[in-house]
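The values are calculated or read from the model by the stated rules, or taken from the named source; none is laboratory data. All figures in this text were calculated on a predicted structure; none of them were measured in a lab. Note that each Cβ is placed from the backbone with ideal geometry, even for glycine, and that neighbours are counted across all protein chains shown. Accessible surface areas use protein heavy atoms only, side chains included; no ligands, DNA or RNA. Shrake-Rupley method; radii C 1.70, N 1.55, O 1.52, S 1.80 Å.
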Amino acid sequence: MLDEPFSGLDPVNQERLEALILAQRDRGATILFSTHVMAHAERLCDRLTIIAGGKARFEGTVDDARATLPVKAHYVPHHPDPGIRDLLPADAQTEGKGWVFTMPAEGIESVLVKLIDAGYGISGLSIEPARLHDAFVKIVGREALEQAA
């Protein structure tokens, strides 16, 4: 059982500790650790419990926690134009030279076909699952704000 084991460690020693934890997991050990750093939980945990206000608010896998938020797509056109907006899902917002939007339930293919057929092309495309950090904020955010008030 480890309580905030990475606190105060530089990145090199954090990697060393991560390697030790993973080696112990791989040999079959169960390791419990608390952390406020979601990146550590994403890399090391098979299962997690999110606790807020002394109560378990979520139990499951990292993927289960991420699934509480939609998957996002980031599209960068080869030929930018304001008309692209009309071909994207309703929640699309500009970001840098591209657009970010929630992945449609039916998949990205139909959106891409429209963009290609309209001559905008694709300079970049990434599909990004939600970060554990964002899932944590969604799961406990409202309660944490109420407690802070």
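Of the residues in the stretch 58-67, at least one is open to solvent by 30 Å² or more (accessible area, probe 1.4 Å), among the aliphatic types (A, V, I, L, M) and modelled with pLDDT under 95.
Going through (1) modelled with pLDDT of 95 or more; (2) crowded, with 16+ Cβ neighbours inside 10 Å; (3) not aliphatic (A, V, I, L, M) one by one, PHE136 falls short only on (1).
Of a type in the set (A, V, I, L, M, F, W, C), open to solvent by less than 60 Å² (accessible area, probe 1.4 Å), within 23 Å of the chain's Cα centre (by Cα) and at pLDDT 95 or above: does that describe ALA73? Yes; evaluated as a whole, the condition is true for this residue. Can you tell me which residue within the stretch 47-57, out of those that are open to solvent by 70 Å² or more (accessible area, probe 1.4 Å) and in contact (Cβ under 8 Å) with a residue 12 or more places away in the chain, is farthest from LEU9 (Cα to Cα)? Across the stretch 47-57, the extreme among qualifying residues is ARG57. Candidates are the residues of the stretch 1-32 that are in a loop (DSSP other than H, G, I, E, B) and β-branched (Val, Ile, Thr); the one that is farthest from ARG43 (Cα to Cα) is THR30.
For the stretch 110-122, state whether one or more residues are surrounded by 14 or more Cβ atoms within 10 Å (Cβ to Cβ) and under 22 Å from the mean Cα position of the chain (by Cα). Within the stretch 110-122, not a single residue is surrounded by 14 or more Cβ atoms within 10 Å (Cβ to Cβ) and under 22 Å from the mean Cα position of the chain (by Cα). Beta carbons closer than 6 Å, at least 6 apart along the sequence or on distinct chains, pair a first residue in the stretch 101-129 that is farther than 15 Å from ILE84 by Cβ with a second that is of a type in the set (A, V, I, L, M, F, W, C) and modelled with pLDDT under 95 for MET103/VAL71; PRO129/VAL71.
The set of residues from the stretch 26-46 being in contact with a helix residue (DSSP H, G or I) (Cβ under 8 Å, 6 or more places away or on another chain) and either surrounded by 12 or more Cβ atoms within 10 Å (Cβ to Cβ) or polar (S, T, N, Q) (or both) comprises ILE31, PHE33, THR35, MET38, ALA39, HIS40, ALA41, GLU42, ARG43, LEU44, CYS45.
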